[in-house]
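Shown next, in structure tokens, is the structure this report addresses.
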Amino acid sequence: MEGVKRRGFGLRAQLLLLSIAVLAVPYAGIGYVRELERYLRESFAASLSDAARAVAGPLHDQSDLFPFSPSGSERTLYVHRLRHPINLDGYTDDWADYLGWTETFSGTEGSAAFWFIIGRYQDNYHLLMQARDDRIVYQRAEEPDAVDNDHVVLVVGDEYGNPVRFHFSPAAPGTLRPFTFHISVDEFRFEHQATEYITNIHGEMQPVPGGFNLEITLPTSMVRERLGVEWVDVDDKLARTEAGYASTSVGAKLERPGLLVQATSRLVQIIERFADVPGRRIWVLDNRGRVLASAGSLEKSQAAPRSFGLYRWLAPAIPESFADDLAGSSRLGGAEVKRALNGDVATRWRNSPDGLAVIVSAAAPVRNQSAVQGAVVVEETTGSLQVLQREAMISLFNKTLLVFLLLTALVLAFATRLSLRLRRLSAAAEAAIDLHGRVVGGFTPAAAGDEIGDLSRAFAAMLARMQEYHRYLESLAGRLSHELRTPIAVVRSSLEHVTDARSTAEQAPYLQRAREGVERLTLLVTRLSEAARLELALQNAELQPLDVREMVRGCVAGYDAAFGNVVLEDRSGSAPFTFSIAPDLFEQMLDKLIANAADFRVPDAPIPVGLSLNDVSWTLTVANRGPVLPVSIEGQLFNSMVSMRPGGGTREPHLGLGLYIVRLIAEFHGARVSAANLPDGSGVCFSVTFPRNSHDGLSGQNAT
């Protein structure tokens, strides 16, 4: 419909905009959370790296804090920092957290072997030795000072670095009293060996399947910097000869005890100054990754979770307790430690064994001149990050929920408005038509530019056409009555005169008039069925490319001869052009147009027939000088049984079907037919505009 549609945002566009707005909220939120997480992770790792550098700063070029660079001929013993005292009973229950850090020592050709670990708690050293021995030989009861049985020797260094040996020679499982031998020379130069039992060193031995356990406790004041253990294995109770030997020394015999690797008090004081941050732990490692000192703890109290159940599901509470697999470790060997010992600062993210926490560690090297003498590792859980993420998630959820509620309200309001508009449109459409299908009320179209506005205007146009059609149907009876009244009256009066006539000669003229009336009735019926036959013919018609100019010129020449006193002017031009048309239908349409123009022309006025062409269409025009079109008939001229001819004495019936047939043929060709008064008001011009198809062609020049 021309002039019905209006530009504007359609319903689809409006709903699409609303959908995009709804989808943008979670998308933006997810992007925000991801960006926040990435930023927090980078910032957190960078802060730990800076903390590791800060701790390592005071330790650079402090060789006295890292005194442990043993030569290849001696072996060091690492002293673990015990978190609780050891119960001296010969069993390993108290050592459960440290058994994974025991070191293995074997004798020559594997003749003897034992596992050994040393720890410190407050002012005491605690030693655990697990010997592999399938046959334990105890001390003879009559020789309490003998060492020709299975025995262990604890070797410490005195203030001069000389070894001092304490013997543990068990006579039975249980408590052992260590002793040492003193050699003295009298005035006669004879050597005398004296046995001295030590009271401040305690031992406990218990046999276990495949060997025995030996626990030893001694004060830290008795040990300078070195300590070692050797074990002599005796299997023959009679011969009591040595069957195997193993020690903590690299060589076969323990000539010099190994260095003890442990933190100095100064080192502990330095790192404790940096361990005041809750939830942060600091390690200081030597160049072999062994822990020299540690301070701080990973445990940290977190913010109390919200009690609202939805928040607990959306952002679960952050656990304060988790499995810490490195607590009390003697050695660290992660990727960040290896890179730090190679001179680089590195970070590592790892999960706790129970998966309840994520631990981030940053390692920085400690240098002595250009060499790396150790590393500092700073650890912290992501609990603080999780708190921030949790708060951000809750904030995002609150804002998203608020936006969703607002959008829901907007959509609800929009849907309500849409429903009301549709209801009003439905009510207006129902009120415009009564139960009998007659248009009884006015219909005011909406001014909105969306689809409902288009639908309202389409309804208005449809109701206007229906109203015109109903007026046409209401006037149809009058038109038919007008056209049928004259021939019926002629027939009736002729028959009456025939009845009154006395002779055949008198009846002849009346019979002729009756016959003419019947023929006129027959012509009316034929005209009424002409449109129906044309619609059937349109279904079987086929288009074919023809020279339209040549066809118009031939028709004009034929009509000029047929009409006699009517002058037709061929204004189709001289250049041929070809278009796809149905020739029979086209001639019938042109016939109706010329006949209509001939009926309304001014006497002696010519009827011009023209063709014009542009890029998208071509137009056939037929004009005549005569009466102009009244405003009352505008829009109805090409409907069925619409005529402007005055009634009266014309012998030829006119039912207003000619221009209706013109419209049917034009619509079959996809053309549009129109009628308009000439610009000077001297007559009317009828135009039929055909669309140009891709296979239509033009040659030469076209005249209008």
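In a strand (DSSP E or B) and either surrounded by fewer than 15 Cβ atoms within 10 Å (Cβ to Cβ) or in contact with a helix residue (DSSP H, G or I) (Cβ under 9 Å, 6 or more places away or on another chain) (or both): is that true of Ala392 in this structure?
No, not satisfied.
Closer than 24 Å to Asn693 by Cβ and either surrounded by fewer than 16 Cβ atoms within 10 Å (Cβ to Cβ) or of a type in the set (Val, Ile, Thr) (or both): does that describe Asp615?
Answer is yes for this residue.
Looking at (1) surrounded by fewer than 14 Cβ atoms within 10 Å (Cβ to Cβ); (2) without any contact (Cβ under 8 Å) to a residue 24 or more places away in the chain, find the lone condition where Asp354 falls short.
(2)
Give the residue, chosen from Phe600, Phe577, that is touching a helix residue (DSSP H, G or I) at 6+ places or on another chain (Cβ under 7 Å) and aromatic (Phe, Trp, Tyr).
Phe577
Look through the stretch 410-468, keep the residues that are more than 43 Å from the chain's Cα centre (by Cα) and among the polar types (S, T, N, Q), and return whichever of them is surrounded by the fewest Cβ atoms within 10 Å (Cβ to Cβ).
Step by step, filter the stretch 410-468, then rank; the result is Thr444.
Against the condition modelled with pLDDT of 85 or more, within 60 Å of the chain's Cα centre (by Cα), surrounded by 14 or more Cβ atoms within 10 Å (Cβ to Cβ) and not acidic (Asp, Glu), how does Arg281 come out, does it pass?
yes
Given (1) in contact with a Lys or Arg (Cβ under 9 Å, 6 or more places away or on another chain); (2) over 26 Å from Leu292 (Cα atoms); (3) among the aromatic types (Phe, Trp, Tyr), identify the lone condition not met by Phe105.
Failing condition for Phe105: (2).
Of the residues in the stretch 354-389, how many are part of a helix (DSSP H, G or I) and over 21 Å from Glu299 (Cβ atoms)?
Summing the residues that are part of a helix (DSSP H, G or I) and over 21 Å from Glu299 (Cβ atoms) in the stretch 354-389 gives 0.
Do we have any residue at all in the stretch 240-253 that's assigned by TED's automatic domain parsing to the domain that holds Ala112, among the polar types (S, T, N, Q), at pLDDT below 85 and at negative phi?
Yes, the conditions are met somewhere in the stretch 240-253.
Given the residues Glu272, Glu230, Glu299, which is the only one that is charged (D, E, K, R), crowded, with 16+ Cβ neighbours inside 10 Å and modelled with pLDDT of 85 or more?
Residue meeting the stated conditions: Glu230.
The values are calculated or read from the model by the stated rules, or taken from the named source; none is laboratory data. Small disclaimer: the values here were computed from a predicted structure and weren't measured. No Cβ is skipped: glycine too gets one built from the backbone with ideal geometry, and neighbour counts run over all protein chains shown.
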